[in-house]
Each structure stands twice: as C-alpha cells, then as structure tokens.
Amino acid sequence: MSVSNPPPQLKRELGVFGATLMGLGSIIGTGVFVSIGIATGIAGPAVILAVAIAAMVATCNGLNSAQLAANHPVSGGTYEYGYKYLTPAFGFTAGLMFLVAKTASAATAALGFAGYLLNIVGLNAHWVVPIAILIVVIMTLIVLSGIRRSNVANTLIVSITLLSLGFFIIICLPRVAEVGVDNLTPFFASSPGAILHASALMFVAYTGYGRIATMGEEARSPRKTIPKAMIVCLLLTMTLYITVATVGIGAVGVDVLGIAAGQTQAAPLELAARSVAGTGAGFVLAVGAMTAMLGVLLNLILGLSRVLLAMGRRADAPRFLARLNRQETAPHWAVIVVGGAIALLVLLGNVRITWSFSAFSVLIYYAVTNLAALKLSQSERLYPVWIGWVGLLSCLFLAFWVDSAIWQVGLGLIVAGLIWHKVRQAVS
C-alpha cells in the first residue's frame with residue numbers, strides 16, 4: 001500500500017506586526033489615492049457616508065475571514081474555505097473571482113505607478129506601458145525572493161505612504177477651518193442609489209485585508225495572529241479613509257476632488273494638494289501614491305500566487321503551480337504565472353472598467369466567505385453568528401449596485417467557469 005506524502009508547507013514567519021503591515025500595504029493604495037475620487041464624483045459629499053457603509057461591511061467580512069483563517073490556516077483564503085465548509089463549486093467560484101478581479105487590480109496599480117512617475121519626470125505618455133511592465137517584473141522578483149524580504153520592502157512602502165497621507169491631512173486642515181462646512185453642503189446632493197454605488201466601489205478599497213487570510217499558512221500562531229492583525233488593520237484604515245475624505249472635500253470641494261464619469265484624471269489627492277499648497281505638495285502626494293501602488297502590486301502578487309498555489313494543489317489549476325522553491329519560501333511557478341498574467345493585462349492598457357469589475361467580483365468572493373463562516377461549529381466560532389449574516393446579505397446587496405453591464409458580465413464569467421469546473425471533474 002502506497003503512502004502519499006502531504007505537499008510541502010510554507011514556513012511560518014509572520015507575526016501580528018508583519019501581518020498588519022501586509023494588510024495595510026494591500027489596502028492603502030489605489031483605494032485611498034484613486035477610488036475616493038471616483039466615489040466622490042458619484043456621491044458628492046455623501047461619499048463620507050459611503051466610506052462608513054463600506055467600512056461596516058468590510059468589518060463583518062474581516063471578522064469572518066479572521067475566524068475562518070484562524071481555524072483553517074492555509075494559503076488560498078476563501079477558495080479553501082469554500083471547499084472545506086461549502087462545496088467545490090463555491091470554492092472554485094471564490095478562487096476564480098479572486099484571480100480575475102485582483103489580477104486586473106494589480107495591472108491598474110502598475111499602470112497607476114507608471115502614470116504618477118511620468119508626471120514627476122515629465123516623460124511622454126508612450127512610456128506608461130513599458131514602465132508598468134518593468135515594475136511588474138521587479139515586484140515579481142521580490143516576491144520570488146521569499147516572504148521575509150517581501151515583508152521588509154512592504155514595511156518601507158507602507159511607511160512612506162502613511163507619511164504622505166498624514167501630510168495631506170495636515171495641509172488641508174487650515175483650509176477646512178477657513179472654509180467651514182461650505183464644501184460639505186448640501187451633504188445629500190445625490191440619490192440613495194448613488195451612495196450605494198459609491199459604497200460598493202469603496203468596499204474594494206478595504207479588501208486588502210484578505211491578504212492576511214490568504215497567507216495564513218505563513219503566520220505564527222494563526223489563531224491569534226490573524227484576527228488581531230485583521231482588526232487592527234481595519235480600524236486604522238477606517239479612520240484614515242474617513243479623515244482623508246472629510247478634509248479633502250472640506251478643503252477643495254467635490255469639483256476638485258471628485259473624478260467625474262469619463263474623466264482621465266486619476267490623481268485626485270495630488271490635485272487637491274496642489275490646489276491647497278502648491279506644486280511641492282502635489283509632488284509629495286505623487287511620491288506617496290507611487291509607493292502605495294508598489295505596495296498594492298507587491299501584496300497582490302503575494303495573494304494571487306497563494307490562491308493559485310492552493311488551486312494547483314487541488315488540480316483546479318495545473319499541478320506544477322503547487323510546487324515550491326528549494327527553500328520552501330515561495331510557490332515560484334505560481335508567482336511567475338501571476339506576474340506574466342498581470343503584464344499581459346498591462347499590455348492591453350484597458351483599465352477603465354477594472355475598478356467596477358473588481359467591486360462586483362470581490363463582493364461575490366466575500367459573499368462566499370461569509371457563507372462559509374456561517375458553517376463554523378460553535379467551538380470554532382470566534383464571533384457571533386449574526387456577523388456572518390450581515391456580511392453575506394450586505395455583500396450580495398451591494399454587488400448589484402455597480403453598473404448593470406458589469407454584473408451581467410461577471411455572472412456570465414461565473415457560469416462559464418462553473419461549466420468548465422464541472423467538465424474537469426467529470427473527466428478527472
């Protein structure tokens with residue numbers, strides 16, 4: 001009788017501090033530097049309410065992700081939870097939604113970094129794609145070097161980003177005190193539907209905390225480390241987003257901070273800083289935005305490769321993607337494939353609908369997360385069961401407030417993926 005050996009496991013090197021920084025590096029990026037502007041263009045001053053709604057939904061999802069990861073600390077996140085607590089179809093759907101949405105988000109981050117860099121050095125826009133591909137290659141090599149070196153790079157990136165956002169808040173406060181509430185009124189200048197639409201888009205700006213769960217296999221004492229890191233990460237992010245949105249709109253108004261439909265301006269905080277304190281302030285925000293995009297890209301490559309690793313282990317993706325390097329610090333083939341996929345999307349250059357598509361895909365992904373959390377036994381449960389129900393219903397509700405064309409394409413992709421999954425199971 002043959003005995004099959006379990007697949008090699010990644011080394012546990014992350015503590016609470018490192019895991020929190022990994023989460024912050026994934027969250028504080030495109031969300032705060034771009035999506036606040038997009039959501040402001042949709043909801044006006046009521047974007048502050050949208051940020052709060054998204055934060056409440058993200059909190060429920062974060063707590064449910066934390067208790068799932070604490071009980072099932074392996075790479076793969078909701079892909080693994082769907083398999084363990086629900087059905088293979090739910091697990092596969094979660095994996096598919098994660099891969100598609102986050103690969104597109106990573107390409108957006110790379111192109112965003114290139115755009116900010118070109119603004120600083122004054123190069124022609126034709127250099128955007130080559131620079132974006134170069135930065136994807138660099139970040140992929142960092143991830144291939146192992147989690148410890150990636151953690152050091154991430155700490156530096158998060159520190160610079162937080163300093164730039166602190167600078168933005170400080171320079172805007174005097175203008176807010178001078179103007180008062182004029183720029184914040186009328187507060188409800190948009191419809192309830194617009195506020196919900198903005199909430200769905202802002203939810204994506206919080207979802208980086210999922211990187212903590214997808215790296216559960218690499219966390220020390222995961223039952224303690226993962227929940228603590230998740231909660232600290234969400235509290236810090238909620239406070240930061242609400243503060244940035246409030247002082248930004250209060251200082252320059254919706255017309256400056258908001259990104260209107262069809263507008264190509266993708267640096268609302270830089271524009272606001274320049275309006276308040278001149279070109280030098282805009283430069284500081286541009287540097288912060290660039291480092292933030294690097295953080296997003298780094299952590300998305302980490303998270304995507306870990307989900308692809310888990311899918312390779314189950315043969316939902318080619319099995320060679322489950323192989324680790326000799327040091328067992330990285331799934332090297334999965335990292336390379338993820339980097340290649342991101343680079344291909346960068347070559348297409350079409351990221352106009354990426355953020356909305358990511359919103360739908362990620363909300364469906366976390367709906368599966370919450371459904372899986374409802375299946376935890378009483379002994380496994382860390383938080384009340386109602387948190388799972390609130391998370392599930394709010395995710396499904398917000399998912400269909402994005403543009404109808406987006407969720408229709410998203411549903412079609414899910415159906416196509418499930419058909420492929422069923423066929424693969426039948427022939428295996």
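The values are calculated or read from the model by the stated rules, or taken from the named source; none is laboratory data. Only a predicted model underlies this, so the values are computations on that prediction, with no experimental measurement involved. Counting neighbours? That spans all protein chains shown, and the Cβs are built from the backbone with ideal geometry, glycine included.
Structure notes:
- For beta carbons closer than 8 Å, sequence separation of 6+ or different chains, a first residue in segment 383-410 that is free of Cβ contacts under 8 Å to residues at least 40 places away in the same chain and closer than 25 Å to residue 69 by Cα and a second that is among the polar types (S, T, N, Q) and surrounded by 22 or more Cβ atoms within 10 Å (Cβ to Cβ), the qualifying pairs are 389/370; 392/370.
- Exactly one residue out of 179, 136, 128, 152 is β-branched (Val, Ile, Thr), modelled with pLDDT under 85 and touching a Leu at 6+ places or on another chain (Cβ under 8 Å): that is 128.
- Matching residues in segment 406-428 - criterion: being surrounded by 15 or more Cβ atoms within 10 Å (Cβ to Cβ) and of a type in the set (Phe, Trp, Tyr): 407
- The set of residues in segment 155-211 that are free of Cβ contacts under 8 Å to residues at least 24 places away in the same chain, under 23 Å from residue 399 (Cα atoms) and either polar (S, T, N, Q) or surrounded by 20 or more Cβ atoms within 10 Å (Cβ to Cβ) (or both) contains only 191.
This table checks each residue for (1) among the polar types (S, T, N, Q); (2) surrounded by 23 or more Cβ atoms within 10 Å (Cβ to Cβ); (3) in a helix (DSSP H, G or I); (4) in contact (Cβ under 8 Å) with a residue 60 or more places away in the chain.
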{"residue": "309", "(1), (2), (3), (4)": "no, yes, yes, yes"}
{"residue": "326", "(1), (2), (3), (4)": "no, no, no, no"}
{"residue": "333", "(1), (2), (3), (4)": "no, no, yes, no"}
{"residue": "339", "(1), (2), (3), (4)": "no, yes, yes, yes"}
{"residue": "342", "(1), (2), (3), (4)": "no, yes, yes, yes"}
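- Residue within segment 372-380 that is crowded, with 24+ Cβ neighbours inside 10 Å and part of a helix (DSSP H, G or I) present: yes
- Entry remark, segment 11-29: residues being within 22 Å of residue 168 (Cα to Cα), assigned to a helix (DSSP H, G or I) and modelled with pLDDT of 70 or more number 4 in total.
- Meets criteria (of a type outside the set (A, V, I, L, M), crowded, with 24+ Cβ neighbours inside 10 Å, more than 27 Å from residue 247 (Cβ to Cβ) and modelled with pLDDT under 85) for residue 112: no
- Residue within segment 354-369 that is surrounded by fewer than 19 Cβ atoms within 10 Å (Cβ to Cβ) and of a type in the set (A, V, I, L, M, F, W, C) present: no
- Restricted to segment 30-129, the set of helices (runs of 4 or more DSSP H) holding at least 3 residues that are aromatic (Phe, Trp, Tyr) comprises 78-85, 88-121.
- Among the residues of segment 383-428, those identified as closer than 20 Å to residue 206 by Cβ and part of a loop (DSSP other than H, G, I, E, B) are 383, 400, 401, 402.
- Condition met for residue 86 (out of contact with any Leu (no Cβ under 8 Å at 6 or more places or on another chain), surrounded by fewer than 22 Cβ atoms within 10 Å (Cβ to Cβ) and on the phi < 0 side of the Ramachandran plot): no
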